[in-house]
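Undergrad: One structure is given below, represented as structure tokens, and several questions about it will come after.
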Amino acid sequence: MQKFFYLEGGYLVLALVILLVTLFVTTRPFMGENAVKRGMGGVALVLAVMIGTHYWITTERMAEVKEAFERGEQIICESRMIRQGAQSIILSKKLGWKLDGEYFVSDAFSRPFFTARCLVYEK
């Protein structure tokens with residue numbers, strides 16, 4: 001459950017704001033009697049499906065990246081430290097990288113890379 005909140009926390013906050021806006025709009029006098037129930041229910045359902053789908057896709061990709069890394073394949077990760085030129089880094093076991101839980105770590109690199117921000121590198 002902690003991974004869900006870590007990965008989807010920003011989207012949950014946005015969903016809350018969207019629900020508050022929906023509540024505000026559906027309680028206006030020009031809206032119909034069942035507008036609150038139908039509006040909140042519909043919007044909440046759409047948001048829940050979207051957030052759930054995003055979480056499922058992200059965790060599937062994380063598992064794929066971890067499996068490929070264990071097989072010795074190359075992984076490409078987003079590097080937010082490098083702002084000019086190439087903003088990604090290719091890593092593999094051959095280059096001294098290790099998998100520590102959900103993070104790729106190396107003694108030669110100052111920061112870890114979260115598996116959710118990585119893809120299997122296919123040439």
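A short reminder: the numbers here are calculations on the coordinates, not readings from a lab. Predicted model only: the values in this text are computed from it and were never measured. For neighbour counting, all protein chains shown are included, and Cβ atoms are generated from backbone atoms with ideal geometry for every residue, glycine included.
Undergrad: Given the options F104, F30, F113, which has the most mean-square fluctuation in a GNM of the chain, springs set between C-alpha atoms less than 10 angstrom apart?
TA: Looking only at F104, F30, F113, the biggest GNM fluctuation is shown by F30.
Undergrad: What residues from the range 1-42 fall in the zone where the backbone N is under 11 Å from a label point 7 Å along the Cα-to-C-beta line of V49?
TA: Residues 42 fall inside that zone.
Undergrad: To check my understanding: the extent here is largest minus smallest coordinate of the Cα atoms along each principal axis. What are those three numbers for the range 2-66, in Å, largest first?
TA: If we take the Cα atoms of the range 2-66, the spans are 53, 15, 14 Å.
Undergrad: Also, I was wondering about something else. Going by alpha carbons, how many degrees (0 to 90, nearest 10) lie between the helix axis of 2-26 and the longest principal axis of the chain?
TA: Roughly 20 degrees, rounded to the nearest 10.
Undergrad: Anyone know which of E67, E33, E78 comes out most mobile in the 10 Å Cα GNM of the chain?
TA: Answer for the Gaussian network model of the chain: E33.
Undergrad: Now, a different point. Grab the beta carbon distance between F109 and E64, set R0 = 25 Å, and tell me the FRET efficiency rounded to 0.05.
TA: The computed FRET efficiency comes out at 0.65.
Undergrad: When only alpha-carbon atoms count, how far does the chain stretch along each of its three principal axes, as whole angstroms with the largest first?
TA: For the chain, the Cα extents along the three principal axes come out at 65, 30, 28 Å.
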